[in-house]
Amino acid sequence: MKIKESNYLASAVWEEQYPEATVPEIAFAGRSNVGKSSIINMLLNRKNLARTSGTPGKTQTINFYDVEDQFRFVDLPGYGFAKVSKTKKKSWGKIIETYLNRRPTLMEVILLVDVRHKPSKEDKDMYQWIKACGFNGIVVATKADKLSKGQVAKQEKIIREELMMDADATFVAISSTSRFNKYEMWDIFNQLFEINGFPIHFERQVKERK
Ligand code: GTP
Ligand code: MG
């Protein structure tokens with residue numbers, strides 16, 4: 001499959017607002033401003049399909065993006081920005097919890113962390129939560145363009161330790177700005193589709209090959 005078509009499908013807070021559960025979904029979780037919306041745009045070669053912003057807390061709903069009518073990327077609301085009331089934090093938890101626990105077509109939840117920082121308490125909680133829901137615990141470290149290769153390797157070690165990742169759990173550093181490791185991401189998705197029995201396979205376009 002080559003990706004030609006991707007479309008915004010729906011924004012939802014509660015289950016009754018989700019689009020019909022017809023195709024597999026891959027969701028991106030992580031603190032606000034980590035780059036969830038940016039990675040979706042980068043992977044789909046779209047500038048502004050998922051709305052990004054320098055203002056933390058831009059994505060406050062669960063946003064569904066259709067890819068080729070075959071699967072969906074799901075942009076989850078970000079956590080961890082300071083100016084939020086306890087009530088709002090609680091409702092954020094409920095929104096994510098409902099989606100993680102009740103979505104039959106949710107194939108994988110990927111945790112995004114900023115490659116430059118030690119994971120926060122909320123990152124650790126989110127990771128445990130993802131694992132407890134039965135997902136693989138794939139971690140994608142964003143903004144790798146901001147560090148040298150050596151620094152990225154150092155940070156990988158710290159992030160793996162802090163999140164208590166299994167030795168064989170997948171960790172990929174990416175950059176939505178430079179597109180570093182874009183195809184590694186697609187390789188991971190291809191594997192997930194295969195393991196889960198979906199006949200979906202993304203092919204690199206020749207002119208895009210690096
Ligand atoms: P919320 O919607 O608030 O949860 O944030 P988000 O996780 O969707 O983050 P978003 O994609 O909006 O990115 C936040 C900021 O980080 C924007 O200013 C992006 O341009 C920037 N950004 C995202 N990815 C990268 C990256 O790989 N490298 C660099 N240098 N900046 C990035
Ligand atoms: Mg966003």
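Name the residues in segment 180-205 that are touching a residue at least 60 places away in the same chain (Cβ under 8 Å) and over 15 Å from the mean Cα position of the chain (by Cα), would you?
F193, N196, F198, I200, H201, F202, E203, Q205
When the residues of segment 71-101 are filtered to those that are modelled with pLDDT of 95 or more and charged (D, E, K, R), which remaining residue is farthest from N190 (Cα to Cα)?
The qualifying residue farthest from N190 (Cα to Cα) is D75.
Could you list, in sequence order, the residues of segment 63-83 that are within 15 Å of the chain's Cα centre (by Cα) and closer than 25 Å to K121 by Cβ?
Passing the criteria: V74, D75, L76, P77, G78, Y79.
Of the residues L106, L147, L111, which is surrounded by 17 or more Cβ atoms within 10 Å (Cβ to Cβ), modelled with pLDDT of 95 or more, within 23 Å of L43 (Cα to Cα) and within 16 Å of ligand 2 (Cβ to nearest atom)?
L111
Between a first residue in segment 127-155 that is at positive phi and more than 16 Å from ligand 1 (Cβ to nearest atom) and a second residue that is of a type in the set (G, A, S) and outside any helix (DSSP H, G or I), which pairs have beta carbons less than 9 Å apart while being 6 or more apart in sequence or on different chains?
Final answer for the pair search is G137/A169.
Do any strands (runs of 3 or more DSSP E) lying entirely in segment 99-210 carry at least 2 residues that are in contact with a helix residue (DSSP H, G or I) (Cβ under 6 Å, 6 or more places away or on another chain) and among the aliphatic types (A, V, I, L, M), and which ones are they?
106-114, 171-173
Filter segment 38-70 down to residues that are within 9 Å of ligand 2 (Cβ to nearest atom) and modelled with pLDDT of 95 or more and give me whichever is surrounded by the fewest Cβ atoms within 10 Å (Cβ to Cβ).
Across segment 38-70, the extreme among qualifying residues is S38.
The values are calculated or read from the model by the stated rules, or taken from the named source; none is laboratory data. The model shown is predicted, which means the values in this text are computed figures rather than measured ones. Neighbour counts are summed over all protein chains in view; Cβ atoms, including those assigned to glycine, are modelled from backbone coordinates with ideal geometry.
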